[in-house]
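Each remark here refers to the structure printed beneath this line.
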Amino acid sequence: FPPHAIVRSPIVYSWVTIFSNVRKRNQGKARKAAKAMAREEAEEVQQRSNNESMTSGQQQSPTSQMLQLQVCGNASPHDTTLTCRHGFDHLSEKDICFQYANAFREAYNYKNRQDCDADLSSCLIAAHKATILDKFAEVGKDSAKMEIVISYFLSNGTQYILEGNYDAARTCTVFARWFEQCTAVGLHKTQALINRVKIDDANNLSDIHTLVKFLRRRIPCRCLDKKYKEVKDTTKLGFCYNPECTIPNGQVERRKTFYCSRCRNVTYCSRDCQKADSTIHKHECDKFVAEIAKFEAKKQSLCTTIS
């Protein structure tokens, strides 16, 4: 056959088209990954800048430094002569934020001891209900006070990382993430639901990358920069929420997981696992979707009123 006949052959043409489409898809994925990385770096710079502006000029006494580190463990080996408090201002024992943080930790630990089968969300909700009413109601209604509580746990978590106590650091990180989510839902009204996946990811015993990255992005100092360089190449892990998942502990590389498209509050490792869990998840998913719809309706109503 002449050369032009080969080029114009339907079979050859179809293969050329397929290869071209694959190449375009790969290029698209590469562009999306680059944009996501750039966006993440920009958010990190912005977060660090905000933290530096909020904490500039703050000074602390050795006594207040010691009080800061009493929340996340009964026995803390912290050196109170350390000069860096990782962006956290001092609190006295009588401060309502200090008392609330301490009461929340105790309520969480109590629930954990009393019910060995309770999952992370159940313990956090129980601690929240036990502490947010009556005496500490003002904390839950004041975003500035909630930010103090969050900063409290971030400071403690960072110091625990530097000391190699990752279990205590993880507990502090879970508390900080929980209060961030509560503030976003209850006070700032920027999201409809508490994102359970993000809280569970912070509690993953096998994922030091996520733990260090979370704290590093939220403190104004650079105390975790060295540690982050050590762990940044380790794999970030996620969970498959199908209780019958055959993967050990339901842990899978996070980039391979995907959210439920309706509620975006659980993740799965495969379509098969999602299908297997659909009967169990459906009732919970319907409630989540109803809450999201209510949230979106309120937001749309507010926008219409303003315009």
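The values are calculated or read from the model by the stated rules, or taken from the named source; none is laboratory data. Computed from a predicted structure; not experimentally measured. Note that we place each Cβ from the backbone using ideal geometry, even for glycine, and neighbour counts take in every protein chain shown. For the accessible areas, the whole protein counts, side chains as well, though only heavy atoms, and no ligand, DNA or RNA atoms are used. Shrake-Rupley method; radii C 1.70, N 1.55, O 1.52, S 1.80 Å.
Within the stretch 292-307, is even one residue surrounded by 16 or more Cβ atoms within 10 Å (Cβ to Cβ) and either part of a helix (DSSP H, G or I) or touching a Leu at 6+ places or on another chain (Cβ under 6 Å) (or both)?
Yes: one or more hits.
Checking each residue in the stretch 94-134 for being in contact with a Lys or Arg (Cβ under 7 Å, 6 or more places away or on another chain) and among the acidic types (Asp, Glu) picks out no residue at all. Among residues of the stretch 97-129 being among the aromatic types (Phe, Trp, Tyr) and more than 21 Å from the chain's Cα centre (by Cα), the one that is farthest from Cys172 (Cα to Cα) is Tyr110. Among the residues making up the stretch 215-227, a single one is among the basic types (Lys, Arg), assigned to a loop (DSSP other than H, G, I, E, B) and surrounded by 21 or more Cβ atoms within 10 Å (Cβ to Cβ): Arg218.
Against the criterion of being among the β-branched types (Val, Ile, Thr) and surrounded by fewer than 20 Cβ atoms within 10 Å (Cβ to Cβ), Val266 does not qualify.
In the list Phe104, Phe98, Phe153, Phe175, which residue meets the criterion of being at pLDDT 90 or above, buried (at least 18 other Cβ atoms within 10 Å of the Cβ) and farther than 23 Å from Asp200 by Cα? The conditions single out Phe98. Can you pull out every residue in the stretch 156-172 that is open to solvent by 20 Å² or more (accessible area, probe 1.4 Å) and either closer than 19 Å to Cys123 by Cα or of a type in the set (S, T, N, Q) (or both)? Correct list: Asn165, Asp167, Thr171. Of all the listed residues (Ala192, Ala184), the sole one being closer than 23 Å to Lys299 by Cβ, assigned to a loop (DSSP other than H, G, I, E, B) and of a type in the set (A, V, I, L, M, F, W, C) is Ala192. Just so you know, in the stretch 228-255 the residues that are polar (S, T, N, Q) and out of contact with any Cys (no Cβ under 9 Å at 6 or more places or on another chain) include one that is most open to solvent (accessible area, probe 1.4 Å), and it is Asn249.
Restricting attention to the stretch 203-214, the residues being open to solvent by 10 Å² or more (accessible area, probe 1.4 Å) and either part of a loop (DSSP other than H, G, I, E, B) or of a type in the set (A, V, I, L, M) (or both) number 4.
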